[in-house]
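Undergrad: Pasting a structure here, questions to come.
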There are 4 protein chains.
Amino acid sequence: MSKGRLEAFSDGVIAVAITLLVLDLVVPAPGLHHQTLAHNLGREWPRYVAYVVSFVTIGIIWINHHAVLRRLEEVDHTLLIVNLLVLLTIGVLPFATSLMATYLNESAGQHLAAAVYAGAFLLMSLAFSALNWQLLVGRPHLSAERLDEARRRAILRRRLTGVIPYLIATALAAVSAYATLAVCAAVAVFYALPASEP
Amino acid sequence: MSKGRLEAFSDGVIAVAITLLVLDLVVPAPGLHHQTLAHNLGREWPRYVAYVVSFVTIGIIWINHHAVLRRLEEVDHTLLIVNLLVLLTIGVLPFATSLMATYLNESAGQHLAAAVYAGAFLLMSLAFSALNWQLLVGRPHLSAERLDEARRRAILRRRLTGVIPYLIATALAAVSAYATLAVCAAVAVFYALPASEP
Amino acid sequence: MSKGRLEAFSDGVIAVAITLLVLDLVVPAPGLHHQTLAHNLGREWPRYVAYVVSFVTIGIIWINHHAVLRRLEEVDHTLLIVNLLVLLTIGVLPFATSLMATYLNESAGQHLAAAVYAGAFLLMSLAFSALNWQLLVGRPHLSAERLDEARRRAILRRRLTGVIPYLIATALAAVSAYATLAVCAAVAVFYALPASEP
Amino acid sequence: MSKGRLEAFSDGVIAVAITLLVLDLVVPAPGLHHQTLAHNLGREWPRYVAYVVSFVTIGIIWINHHAVLRRLEEVDHTLLIVNLLVLLTIGVLPFATSLMATYLNESAGQHLAAAVYAGAFLLMSLAFSALNWQLLVGRPHLSAERLDEARRRAILRRRLTGVIPYLIATALAAVSAYATLAVCAAVAVFYALPASEP
């Protein structure tokens, strides 16, 4: 079975998920709270920050997905299912982003919303690590080039290291929802920098 | 006529349908029912279960679609129309999922909602069987390799067997909506297991 | 410029538009109008009919788009813009479908809603005829095979004939919204039949 | 790394964004304001104008994106990130369009809404210029053919010239929201004309 449709389907799901994020940017009803539009837009700043952080994070996951599947030659049932789980965790992100943006400035619920947000990134990162593990350790015969042990370990270590910031961000939600958002934003900026090129 | 665009269009529709499922995960309005966010999220558990069941089911349909079209070399008008009916039944699933999730915990309407949910999967399964039948029996000249009678019958029998659980799930809706959901979930898990590899 | 991305982009827009139709299938709020779910779902029958008619119509437009671009070898700026207009008229269909479905059973507004619905199909059909004209008459040098005069005229006549039912459906809206819907449904069924294979 | 998936992903995001514009065309509730449907649809004219202007503008950006990537042979991390920023600014357009359409006829907020609308196009145009700069100046080794200095300058000058109308449109928002919309519409028409073929 060729990998062409796997890539096409994954690209499709990720492209729709990343674009659906815009539905969380709500247009304030005219005359809302008897305030100016500037005021009403201004108080929605968590939505704009969450939009950018989630957009860049999903974009980077797409880049990584791209890089990981590059070596692959064939796909099998297990790989398709593990990839489906990765897509499932990405598909949930517009909801997690909306939850976070809605509750960031609320006194009640902001800690839980932030934990769900970072927790969704954590799940996605774990599912993506499982995909990497399947490709490198579980079914190396599906790849075009066989990597040596050292290189394989380096990639897997790198991948697991990528999980840590989201663990920290999720734990930090108990302290401050703003800290959680800041860590998620920092991860997105870090991976967008040229130095983090794989 | 090549099958390239048929695959691309089908992948597109399935990718959008699977990702639109997230719109059913609603963010509770702050201060809703004067309850905590944890409580308000917790009572929405049918939405999370329905999301996962529908996501995995659509994902597996995509995998099967992939497997079925692999052998195909050309497409004709009838095939395009039968495939369109498959896509139509998939396109309806975000609505059926939302209906099920909304009514699962309601005393009135839960049986009907569950019947619509399993019935939508049943329809999809039947449409997909019709696509298989067209490919294997109706127009075998469009496939690259001609399967022998025994193999063809085995595939069609397998396909029709796949319809049975959804028949049971739809019938069970008269007894218990939870039982219907459990059967649909079990089907999704069964097909995701490595043993069910085609 | 190759036609690959033109097809990919068109497939994408059509796939999203056809799948967004599901957003018009609304889940009735529990306890709505103090009626049973069966009653509340039953009164939404115009939405189900409109969903199926629009889904099949967009699907057939996709099939025709596919058939028309098959001969093409290259694309130029004018062709991209005319194709964009076709996509614009397709992109509007989820709105027209929703308008029609909302007003079909209303005493006030049903004629206008039906006229907008059939009018949207009419516009789409005209834009698609313009695309055909560009390909066959305006810029035949972009096609792989040059059709003779008789064949070209036959295709264009066929295309313009396809506009007539939508003209009738739009005019009929002044008399009966149901008649308009019936004509649009009949056109969809006609083109889905094997006999209408190009 | 090949450019195939970059194009596929970009096409996907742009196709979803352009099609999501339809969600801004709202169906008036029956009996709204005790007015006829014709009246209720008529007062929503800013939504139809904004839909067409945004649809054509995004379509033209897609055509330009297509033209710019054509020369490219390989992609690297920086290019993927810059392209992601272009997609981010495109992804925001359904929100900016909805904001503009909602406030165009409101006495309060129309200037700000128009500034956000034209400002979003301005951002997109700047991000697209940055992508052009990266391709032509920053990493010319990724392109198949090396352009000479004069041609490169001509393309970049052309690109930057494209930013100016949106600067003017944004500034005009302080005077008249209608003038801003008119300039954005004029830009879309200008680039759609055959004479502006690259």
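The values are calculated or read from the model by the stated rules, or taken from the named source; none is laboratory data. These numbers come from a predicted model, not from an experiment. Positions of Cβ are generated from backbone atoms using ideal geometry, with glycine treated the same way; all protein chains shown enter the neighbour counts.
Undergrad: Just one of the numbered conditions (1) touching a Cys at 6+ places or on another chain (Cβ under 7 Å); (2) surrounded by fewer than 23 Cβ atoms within 10 Å (Cβ to Cβ) is not true of D:Arg71; which one?
TA: (1)
Per-residue answers, yes or no, for (1) at pLDDT below 85; (2) crowded, with 17+ Cβ neighbours inside 10 Å:
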{"site": "A:Ala150", "(1), (2)": "no, no"}
{"site": "A:Arg158", "(1), (2)": "yes, no"}
{"site": "A:Ala169", "(1), (2)": "no, yes"}
{"site": "A:Val187", "(1), (2)": "no, yes"}
{"site": "A:Phe190", "(1), (2)": "no, no"}
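Undergrad: Here's a follow-up. Would you mind telling me which numbered condition in (1) closer than 30 Å to A:Gly42 by Cα; (2) surrounded by fewer than 15 Cβ atoms within 10 Å (Cβ to Cβ) D:Ala154 fails?
TA: (1)
Undergrad: Considering only region C:84-124, state which residues are touching a Gly at 6+ places or on another chain (Cβ under 9 Å) and closer than 24 Å to B:Ile81 by Cβ.
TA: Passing the criteria: C:Leu87, C:Ala96.
Undergrad: Then there is this: Which count do you get for residues in region C:22-51 that are free of Cβ contacts under 8 Å to residues at least 12 places away in the same chain and not aromatic (Phe, Trp, Tyr)?
TA: Number of matching residues: 13.
Undergrad: Before we move on, is B:Gly119 of a type in the set (Gly, Ala, Ser), out of contact with any Leu (no Cβ under 6 Å at 6 or more places or on another chain) and at pLDDT below 95?
TA: no
Undergrad: Would you mind telling me which numbered condition in (1) surrounded by 21 or more Cβ atoms within 10 Å (Cβ to Cβ); (2) under 20 Å from C:Gly4 (Cα atoms) D:Ala50 fails?
TA: (2)
Undergrad: Still on this structure: Can you pull out every residue in region D:151-198 that is among the β-branched types (Val, Ile, Thr), touching a Leu at 6+ places or on another chain (Cβ under 8 Å) and closer than 22 Å to D:Val116 by Cα?
TA: D:Val163, D:Thr170, D:Thr180, D:Val183
Undergrad: Let me ask something else about it. Which of the residues spanning region A:74-98 are free of Cβ contacts under 8 Å to residues at least 60 places away in the same chain and more than 15 Å from the chain's Cα centre (by Cα)?
TA: Hits for region A:74-98 are A:His77, A:Ile81, A:Val82.
Yes/no per residue for (1) facing chain D (nearest Cβ under 9 Å); (2) closer than 28 Å to C:Pro194 by Cβ:
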| site | (1), (2) |
| --- | --- |
| C:Arg5 | yes, no |
| C:Asp11 | yes, yes |
| C:Ala15 | yes, yes |
| C:Leu21 | no, yes |
| C:Leu25 | no, no |
| C:His33 | no, no |
| C:Glu44 | no, no |
| C:Arg47 | no, no |
| C:Ser54 | no, yes |
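Undergrad: Of the residues D:Ala108, D:Ala38, which is surrounded by fewer than 20 Cβ atoms within 10 Å (Cβ to Cβ), within 10 Å of chain C (Cβ to nearest Cβ), over 30 Å from A:Tyr191 (Cβ atoms) and more than 14 Å from the chain's Cα centre (by Cα)?
TA: None of the other options fit; the residue is D:Ala38.
Undergrad: Sticking with this structure for a sec: Quick one: which of A:Asn83, A:Asn64 is surrounded by 24 or more Cβ atoms within 10 Å (Cβ to Cβ), more than 8 Å from chain B (Cβ to nearest Cβ), out of contact with any Cys (no Cβ under 7 Å at 6 or more places or on another chain) and closer than 30 Å to B:Lys3 by Cα?
TA: Step by step, each of A:Asn83, A:Asn64 is checked, and only A:Asn83 is surrounded by 24 or more Cβ atoms within 10 Å (Cβ to Cβ), more than 8 Å from chain B (Cβ to nearest Cβ), out of contact with any Cys (no Cβ under 7 Å at 6 or more places or on another chain) and closer than 30 Å to B:Lys3 by Cα.
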